[in-house]
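Structure first, commentary second.
The values are calculated or read from the model by the stated rules, or taken from the named source; none is laboratory data. Keep in mind the model is a prediction, meaning the values are calculated, not measured. Neighbour counts run over all protein chains shown; Cβ positions are idealised from the backbone, glycine included. What goes into the accessible areas is simple: the full protein's heavy atoms, side chains included, and nothing from ligands, DNA or RNA. Shrake-Rupley method; radii C 1.70, N 1.55, O 1.52, S 1.80 Å.
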Amino acid sequence: MNKTLNRRDFIKIMNATTGVAIVASGITLTTFASVSEIPVTNKKRWGLLINTNKLTETDIDGMINACKQEQGWGTEIHSTASQKPAWIKKLKVKDKATNKVSSLALMCQHCEEPPCVDVCPTNASMKREDGIVLVDKHLCIGCRYCMMACPYDARSFVHETLNNQKEHMPRGKGTVEACTMCVHKVDKDETPACVESVNSEAVIFGNLYDESSQINRTLRVIQSSQIRADLNLNTGVRYSGI
Amino acid sequence: MSNIRFEQIEGKSLGFYTLIIGLGILILAALGSVYYVEHYGHFVTGMNNRIVWGMPHVFALFLIVAASGALNLASIYSVFNKKLYKPLSRLSGLVALSLLAGGLMVLVLDLGRIDRLIVAMTEYNFKSIFAWNIILYNGFFVVVAIYLWMMFERRMNKFSHKVGLVAFSWRLILTTGTGSIFGFLVARQAYDAVIMAPMFVIMSFSFGLASFILILMASYKWTNRPLGDIIVNRLRNLLGVFVAAVMYFVAVYHLGNLYLAENTGIENFILFDGGIYTKLFWYGQIILGGIVPIGLIYHPITKGDRSMLGLSSVLIIIGGFVQLYVIIIGGQAYPMELFPGKEVLEGYGDIAQYLVSLPEIFLGIGGIALAMIIVTFLVKFLAFLPESLEDDLADSYHKG
Ligand code: SF4
Ligand code: SF4
């Protein structure tokens, strides 16, 4: 434990300190699960493993619908197709060498080194200790720099006034949003809605660090990959089969 | 040297008031557009989740980049001690401040939550280059304002060189910072080049000087003050060098990108098959904004003609807008490489569409109008302009 403080640690500490300050001022917590039963610590790192060999297109559609239901997006009436939020997308990818076609669900990858958090001028984009990346809707000024910076096109800007929002997920015109890994459920020891919607083991959710968790055990025996692993963002969402 | 007489303009003519009213209407139109967009949401604009920065950002960046460039003439005088530029230095500082104000107005009024501006001013993420830019812009106002004060106040004159040096360094950092906004977007191939930051610096020289020349010529013409050839020719030569330098950087940037295998996709897109972006690049940026002005500036027939210099400046400004459009919008339209070595069949990967909307254009023009109205008002109330820039006078400053 006797290592010198490097830049990254320093930033982490700074972030932790500001985090405390924000919580103390009482404006942030309302955004996310109000009562957290499980402490948010950096001993955990929540992640997903998506097995494209098992995941069917129907599964992906189901995941998207479950996400819409759970978080309340997708009912926008004025926005054009490219303006509508898309917290998860269905992608079809063909390997140029083998011609194998895979379908996959693409959402915020909950990067360990998230570019969106680095560029956000107001600290609205932030990463929790347990690796979940969120936007604090009270701090977001809607500059969209995070959307420019995200390598996965994972974020959406709310282009119109919204009605009928979910209590646990306040959204707002003029701010940016993305997959929260259903943090409001995870904090109650539940599983993200998209994971629940898939019947097979095609999508596994869990603590990447916990050696007894299914996700950790599976990742240790199978070939898996991160999208754009070359960017070294160490994503929390992993894929196998592509 | 001490015989430069700065004087306010009279500002009582019909032309003056017409100008103010015209600019005022443009600013009101911009504010109306902002209200409209904020009220309904950004769905009424052409921007979307793929083209997240649109026309407002083109205008804003142009103005910000030109602002720092407009300060150059003052810097040439106070940093490099070229006395010929002394009479221009006050106006140079003023144009710089005004353009920056216009640019920031556009940038800020396009935010999704303008009402949270206070958050942007109080919550800083010091890792974010964007937050740093906010500090740099505010600092620029302060530094240039102090600089102007040193120039205006006789007993402070002796400090103006030192403050000028600070202002000059500040503007270099500011433009580098603006260029770096793109440099930090690691996954976007269009911006994946170290040369972006210096290219922005050199673009600022050219766009800033072109804007300055137009303002200078217009204000001398409209107030019937003499403006001699010596100064105009100097500015013309400088402009020629700057435009050529921009072209050089653009060439290096694109050749460099072509050479990097991972960026050939975006390069082919911009240079050859990007439809509107390719057309804008070649016809707008290169020909209209580069080759034609260079021709007008250096060709023996058009060389001595002041209206041709004005035309060159206008073309350079248009070319500058086009260049930023291609960089900002074109760079986003081309999809990011999500799966190197694989082909994305569905769900992502098409060229993003963008159709600019009127409110965006009004907002942008409002930014220009704000810059112009500030210049117009301040030259009326403060002595920014030498009453004469006649050749013999210019000559004597030069020697003195
Ligand atoms: S995927 Fe995008 S939005 Fe999600 S953490 Fe990474 S950079 Fe941020
Ligand atoms: S849009 Fe909001 S979350 Fe994204 S960078 Fe700007 S302030 Fe941060």
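Tabulated data
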item	result
Cα gyration tensor, the range B:7-66 - rounded (a/c under 1.5), prolate or oblate	oblate
Isolated Cys in the protein assembly as shown, by beta carbon distance under 4.7 Å	A:67, A:111, A:120, A:140, A:143, A:150, A:182, A:194
For the range B:159-303: rounded, prolate or oblate by the Cα gyration tensor [a/c cutoff 1.5]	oblate
Top of B:386, B:335, B:300 by mean-square fluctuation, Gaussian network on chain B, Cα under 10 Å	B:300
Built amide H within the under 5 Å cut-off of residue B:385, gap 5+	B:7
Protein heavy-atom accessible area occluded, A/B pair - total, 1.4 Å probe, Å²	4700
Choice from B:339, B:242, B:184 with maximal GNM fluctuation in chain B (Cα, 10 Å cutoff)	B:339
Amide proton proximity set for residue A:100, modelled H, under 5 Å, gap of 5+	A:95
Members of the range A:223-237 that become less accessible by 10 Å² or more once partner protein chains are added (1.4 angstrom probe, chain alone as reference)	A:227, A:228, A:231
Label-point separation, residue B:138 to residue A:232 (7 Å along Cα→Cβ), nm	3.3
Amide hydrogen neighbours beyond the local backbone of residue A:238, cut-off 5 Å, H modeled	A:48, A:49, A:50
Inter-site label distance for residue B:261 and residue A:220 at 7 Å from Cα along Cβ, in nm	3.6
Cβ-derived FRET efficiency at R0 51 Å, residue A:191 paired with residue B:268, nearest 0.05	0.70
Note, ³J(HN,Hα) from phi for the range A:73-84, Karplus 6.51, -1.76, 1.60, rounded to Hz, x at Gly and Pro	9, x, 9, 4, 9, 8, 5, 6, 3, 7, 9, 5
Label zone at residue A:95 (point 7 Å along Cα-to-Cβ), backbone N below 15 Å, the range A:204-232	A:223-226
Number of partner chain Cβ atoms within 10 Å, mean per residue of B:259-266	0
Chain B: most fluctuating residue of B:37, B:322, B:95 per GNM, C-alpha cutoff 10 Å	B:37
For the range B:28-139, projected area of the alpha-carbon convex hull averaged over all directions, nm²	8.9
Solvent exposure of the protein assembly as shown as accessible area per residue, Å², 1.4 Å probe	42
Residue A:77-residue B:81 pseudo-label distance in nm [points 7 Å out on the Cα-to-Cβ vector]	7.2
Rounded percent of accessible protein surface that carbon and sulfur make up, the protein assembly as shown, 1.4 Å probe	62
With at most 11 other Cβ atoms within 10 Å, longest stretch of chain B clear of loop GluC sites (Glu not before Pro) (DSSP)	B:154-400
Helix B:306-325 axis, angle to chain B major axis (alpha carbon atoms, nearest 10°)	30
Reach of residue B:380 by Cα under 18 Å, taken over lysines that are not fewer than 8 positions away in the same chain	B:12, B:221
Positions from the range B:95-123 whose accessible area shrinks by 20 Å² or more when the full protein complex is built, not the chain alone, probe 1.4 Å	B:111, B:112, B:113, B:116, B:119, B:120, B:123
